[in-house]
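As structure tokens, the structure follows; a few thoughts come after it.
The values are calculated or read from the model by the stated rules, or taken from the named source; none is laboratory data. Computed from a predicted structure; not experimentally measured. FYI the Cβ positions are ideal-geometry reconstructions off the backbone, even for glycines, and counts take in every protein chain you see. Areas reflect the complete protein model, heavy atoms only, side chains present, ligands, DNA and RNA absent. Shrake-Rupley method; radii C 1.70, N 1.55, O 1.52, S 1.80 Å.
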Amino acid sequence: MSVRRLYCENPACPKVTFAEQVPGLTVRYQRRTPQLQRLVEAIGVVLAGRGGARMLRILNVTLSRCTVLSQLMRVPLPPLETPRVLRVDDFALYGDTYGALLVDATTRLPLTLWEGRDAEQLSRWLREHPGIEVACRDGSLTYRQGITAGAPDAVQVSERFHLWQGLSRRVQDIASAHCGCLPAALPRPVRPIPNRSRRLRGTPRHTPGPGGMPEGCSGPCTP
């Protein structure tokens, strides 16, 4: 394949010469083709830096993990669509510092996050993104106030994790409070009845002969 190299006749033009670009094959100021660039971005999204660099090395593309992360940061984020079911949760940054995380409960994709658990910030985000029908949250009073103020028509439900966690804690508290009553409530084990048909110890065992009679016995034997 050959391309044309063009020259500018304007002496004031800083670009004295430039080459023709092939659509789908070359891009200006790029060291990789569009197809290779899409491959690097896709692997970076799935495996991030170190894992992406190892996978690219298998495909005979030598890039460092920093380069893969740099290309990953350049990938534009998909447009934000208001979910029908929103999940509001928190995560620990460090120590006692927490942040809020909003997740689309249908696709399980994160939407946004910020540092701290602020009801006003949550309500502001909900007002900017109307259309949420169901909001899943934990038992935090902050999240309840923020959802009530920002999306008053949304139905607030508890998450499955926090329901099971609250139930397990309640069962543990009840079991700890009544640990002394549990042995009395358990059924007593039934003792097995001894089999009286077993022969007494020390009784000689007779081996039947060919005719069904014990060996050494010529006639009917009485017990």
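Out of curiosity, is residue 132 at pLDDT 85 or above, of a type outside the set (Ser, Thr, Tyr) and in a loop (DSSP other than H, G, I, E, B)? So residue 132 passes the test.
Scanning the range 141-153 for residues that are of a type in the set (A, V, I, L, M), in contact with a helix residue (DSSP H, G or I) (Cβ under 6 Å, 6 or more places away or on another chain) and crowded, with 18+ Cβ neighbours inside 10 Å yields one hit, 151.
Yes/no per residue for (1) on the phi > 0 side of the Ramachandran plot; (2) among the hydrophobic types (A, V, I, L, M, F, W, C); (3) within 25 Å of the chain's Cα centre (by Cα):
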position: 24; (1), (2), (3): yes, no, no
position: 32; (1), (2), (3): no, no, no
position: 53; (1), (2), (3): no, yes, yes
position: 70; (1), (2), (3): no, no, no
position: 89; (1), (2), (3): no, no, yes
position: 92; (1), (2), (3): no, yes, yes
position: 95; (1), (2), (3): yes, no, yes
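Total residues in the range 148-176 satisfying the condition of being in contact with a Ser or Thr (Cβ under 6 Å, 6 or more places away or on another chain) and not aliphatic (A, V, I, L, M): the figure is 1. Checked against the criterion of being within 30 Å of residue 119 (Cβ to Cβ) and modelled with pLDDT under 85, the candidates 158, 140 yield just one match: 140. Listed by first and then second residue, the pairs linking a residue in the range 1-24 that is more than 27 Å from residue 35 (Cβ to Cβ) and modelled with pLDDT under 85 to a residue that is open to solvent by 80 Å² or more (accessible area, probe 1.4 Å) and assigned to a strand (DSSP E or B), with Cβ atoms under 7 Å apart and 6 or more places separating them unless they lie on different chains, are 16/7. With respect to the stated conditions, residue 138 fails to be of a type in the set (D, E, K, R), more than 26 Å from residue 78 (Cβ to Cβ), within 24 Å of the chain's Cα centre (by Cα) and open to solvent by 70 Å² or more (accessible area, probe 1.4 Å). State all residues of the range 77-118 that are more than 21 Å from residue 150 (Cα to Cα), open to solvent by less than 80 Å² (accessible area, probe 1.4 Å) and in a strand (DSSP E or B); if no residue qualifies, say none. Within the range 77-118, 91, 92, 93, 97 qualify.
The residues of the range 30-58 that are over 18 Å from residue 73 (Cα atoms), open to solvent by 100 Å² or more (accessible area, probe 1.4 Å) and either of a type in the set (D, E, K, R) or in a loop (DSSP other than H, G, I, E, B) (or both), listed by number, are 54, 57.
Somewhere in the range 170-183, is a residue within 18 Å of residue 102 (Cα to Cα), open to solvent by less than 100 Å² (accessible area, probe 1.4 Å) and either in contact with a Lys or Arg (Cβ under 6 Å, 6 or more places away or on another chain) or not in a loop (DSSP other than H, G, I, E, B) (or both)? No; the residues of the range 170-183 include none that is within 18 Å of residue 102 (Cα to Cα), open to solvent by less than 100 Å² (accessible area, probe 1.4 Å) and either in contact with a Lys or Arg (Cβ under 6 Å, 6 or more places away or on another chain) or not in a loop (DSSP other than H, G, I, E, B) (or both).
Looking across the range 59-76, the residues that are polar (S, T, N, Q), surrounded by 12 or more Cβ atoms within 10 Å (Cβ to Cβ) and out of contact with any Leu (no Cβ under 9 Å at 6 or more places or on another chain) come down to 64, 67, 70. For residue 221, the requirement of being in contact with a strand residue (DSSP E or B) (Cβ under 8 Å, 6 or more places away or on another chain), farther than 30 Å from residue 86 by Cβ and modelled with pLDDT under 90 is met.
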